[in-house]
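The values are calculated or read from the model by the stated rules, or taken from the named source; none is laboratory data. Because the structure is a prediction, the values reported are computed rather than measured. Cβ placement follows ideal geometry from the backbone for every residue including glycine, while neighbour counts extend to all protein chains displayed. Areas reflect the complete protein model, heavy atoms only, side chains present, ligands, DNA and RNA absent. Shrake-Rupley method; radii C 1.70, N 1.55, O 1.52, S 1.80 Å.
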Amino acid sequence: MSTLALPDMNQLSESGVDFVDEPYFENLLKRKTDPGRIREIIAKAKNKEALEVEETAALLNADEPELIEQIFDTARQLKKDVYGNRIVLFAPIYVGNYCVNDCRYCGFRRSNRDSVRRTLTTRELRGQIENLLKNGHKRLIAVFGEHRNYSPEYIADCVNEIYSVHVGNNSIRRVNINAAPLSHEGYRIVKEAGIGTYQVFQETYHHTTYARMHPKGTRKSNFMWRLDSPARAIESGCDDVGLGALFGLAGWKFEALSLVAHAIHLMQHYRVGPHTISFPRIRPASGVTIKEVAEHDVKDDEFLRLIAILRLSVPYTGLIVTAREPAVIRKTALGFGVSQIDAGTRIEIGGYTEADAQTQALEKEQFELGDIRPLDEVIRQLLNDGYIPSFCTACYRLGRTGEVFMEYAIPGFIQNMCTPNALTTLQEYLTDFASPETKAAGEKILKQEFDKIPEGKRKFEILDRIERIRNTDERDLYF
Ligand code: SF4
């Protein structure tokens, strides 16, 4: 089978629209907006209307405590209105860390001699997946460096391998990908393998910072090849795309504005916004001098404002806070609009079977994690905080993706599926994997949530499924 080699550096097109109008964005971020106008923008967001770049800039510039509190309150309300109180869970699986790039903030950069280079064998990959399944995971994101070894076919083969692993009647139900930008042909190949979201982070939308962080002559130095990649993915049928920026490289307000501009660009050209947005903050990494790259440190209060403002700006896009962040920050961020988190995360290659439960091996990681609590502990915290931990994968498997997902999300229908599916996947976890303390906390939430559901056919259907999961081997019952 011919392997689709990585496109030659000179073939990496500069096509696509460079919507990052830096002078305009920087001018917007200098502009002071009248508090009355800011309240109008907050009211528009409360109405679940997506915001324009100018409106997001006004919120980013709002520094009156009373207005900032209104932004936080609206983010809390929007989270409830659009996503209910479910939090979707996933785990990353790092497959290989060979990389041809030399990104100055990354432990896997090619010039870092301390990095332990490795690619999981098929047998090792299956072993990682079996471990993740035995702990209760159902949704994964597979992560690859950029290297000829990780061709679109290779990524597709890994996806098929992951889906083929079964532990009892459990298997992974959705595999997302975080890897290098691909060509149209490359995206078609991974789409055919049944991936969920294809995540490519721009890292920074600031042109000169981007050039400084991604040395000339490396594949990743091509700003436009990367910026245009979510568009290429959508054009190739991967209609769930994930955007992101690495916060700390350039100003947080500039990156936030650019992420919103990217979402608007996709919505205008493809009638579908990003499925998810991630906003990782720079973390310590092997061979990286943080103060040389983290020129724009993002403080915790700014980070929480960033999340709330993104919640108001892109109401139908999932917001992801990963285990990069310490548990206390993640706990707070959940209230302001975060809809997805990873849990029980290990990012050393082979980490799910080899890593020490209490310590991290930085030379085997891309960056240092802030939260390495086991899945059961994270789930118990979510339950005790009143959230419904969810392993739902229904939309993607029923074709409610991209534009179709938007048609369900915008009028709010999606909640009629999200909450019931969260309850049935939670029941699966409680029945098959939970510790006694987590099970007790889960039963309490199940009862609370069930009592909220209006009497009728739907309530009966949900109860029927929960009973079948509790009392039989039936699993994977979704709406
Ligand atoms: S950030 Fe990604 S592309 Fe850059 S060096 Fe690290 S693994 Fe390679």
Single unsatisfied condition, LYS32 versus (1) among the basic types (Lys, Arg); (2) open to solvent by less than 70 Å² (accessible area, probe 1.4 Å); (3) touching a residue at least 24 places away in the same chain (Cβ under 8 Å):
(2)
Within region 325-352, how many residues are closer than 16 Å to ASN135 by Cβ and either among the β-branched types (Val, Ile, Thr) or free of Cβ contacts under 8 Å to residues at least 40 places away in the same chain (or both)?
4
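Please determine, by comparing only the residues of region 234-281 that are assigned to a loop (DSSP other than H, G, I, E, B) and of a type in the set (D, E, K, R), which one is farthest from VAL190 (Cα to Cα). Explain how you work it out, then say what you get.
We begin by selecting, within region 234-281, every residue assigned to a loop (DSSP other than H, G, I, E, B); these are 236-240, 246, 248-251, 271-275, 279-280.
Subset that is of a type in the set (D, E, K, R): 239-240, 271.
Values: ASP239: 12, ASP240: 13, ARG271: 22 Å.
Filtering first and then ranking leaves ARG271.
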For the subset of region 187-213 comprising residues that are of a type in the set (Ser, Thr, Tyr), closer than 27 Å to LEU140 by Cβ and not in a helix (DSSP H, G or I), which member is nearest to the ligand (Cβ to nearest atom)?
THR204
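Quick one: how many residues across region 120-132 are more than 20 Å from the chain's Cα centre (by Cα) and among the hydrophobic types (A, V, I, L, M, F, W, C)?
Pass one, region 120-132, residues more than 20 Å from the chain's Cα centre (by Cα): 120-128, 130-131.
Imposing the further condition that a residue be among the hydrophobic types (A, V, I, L, M, F, W, C) reduces the set to 120, 125.
Counting residues in region 120-132 that are more than 20 Å from the chain's Cα centre (by Cα) and among the hydrophobic types (A, V, I, L, M, F, W, C) gives 2.
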Taking the residues in region 82-94 that are surrounded by 23 or more Cβ atoms within 10 Å (Cβ to Cβ) and within 16 Å of the ligand (Cβ to nearest atom) as candidates, determine which candidate is farthest from GLU49 (Cα to Cα).
TYR94
What residue, among those in region 142-161 that are part of a helix (DSSP H, G or I) and among the acidic types (Asp, Glu), is least open to solvent (accessible area, probe 1.4 Å)?
GLU153
Taking the condition of being out of contact with any His (no Cβ under 7 Å at 6 or more places or on another chain), within 14 Å of the ligand (Cβ to nearest atom) and either outside any helix (DSSP H, G or I) or not hydroxyl-bearing (Ser, Thr, Tyr) (or both), how many residues in region 217-233 meet it?
6
If we scan region 469-479, do we find a residue that is open to solvent by less than 70 Å² (accessible area, probe 1.4 Å), over 17 Å from ILE388 (Cβ atoms) and touching a strand residue (DSSP E or B) at 6+ places or on another chain (Cβ under 8 Å)?
yes
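With respect to GLU64, is the statement that it is more than 16 Å from the ligand (Cβ to nearest atom), open to solvent by less than 60 Å² (accessible area, probe 1.4 Å) and more than 30 Å from ALA394 (Cβ to Cβ) true?
It is true that GLU64 is more than 16 Å from the ligand (Cβ to nearest atom), open to solvent by less than 60 Å² (accessible area, probe 1.4 Å) and more than 30 Å from ALA394 (Cβ to Cβ).
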Scan (1) within 16 Å of the ligand (Cβ to nearest atom); (2) open to solvent by 10 Å² or more (accessible area, probe 1.4 Å) for the single condition GLY107 breaks and write down its number.
(2)
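Just name the residue that is nearest to TYR150 (Cα to Cα) out of those in region 177-186 that are under 23 Å from the mean Cα position of the chain (by Cα) and away from the ligand (no atom under 16 Å from the Cβ). First the steps, then the outcome.
Start the filter on region 177-186 by keeping residues that are under 23 Å from the mean Cα position of the chain (by Cα), which leaves 177-184, 186.
Keeping just the survivors that are away from the ligand (no atom under 16 Å from the Cβ) gives 183-184.
On the way: SER183: 14, HIS184: 16 Å.
Only one residue tops the list, namely SER183.
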State the number of residues belonging to region 418-444 that are open to solvent by less than 10 Å² (accessible area, probe 1.4 Å) and of a type in the set (Phe, Trp, Tyr).
1
Matching residues in region 110-136 - criterion: being open to solvent by 60 Å² or more (accessible area, probe 1.4 Å) and away from the ligand (no atom under 14 Å from the Cβ):
THR121, THR122, ARG123, GLU124, ARG126, GLU130, LYS134, ASN135
Check region 174-185 and report whether any residue there is open to solvent by 10 Å² or more (accessible area, probe 1.4 Å), part of a helix (DSSP H, G or I) and more than 23 Å from VAL100 (Cβ to Cβ).
no
So is TYR154 over 23 Å from ASP240 (Cα atoms), within 16 Å of the ligand (Cβ to nearest atom) and over 19 Å from the mean Cα position of the chain (by Cα) or not?
no
So which residues in region 186-201 are of a type outside the set (Val, Ile, Thr), in contact with a helix residue (DSSP H, G or I) (Cβ under 6 Å, 6 or more places away or on another chain) and either in contact (Cβ under 8 Å) with a residue 60 or more places away in the chain or crowded, with 22+ Cβ neighbours inside 10 Å (or both), if there are any at all?
GLY186, TYR187, GLY196, TYR198
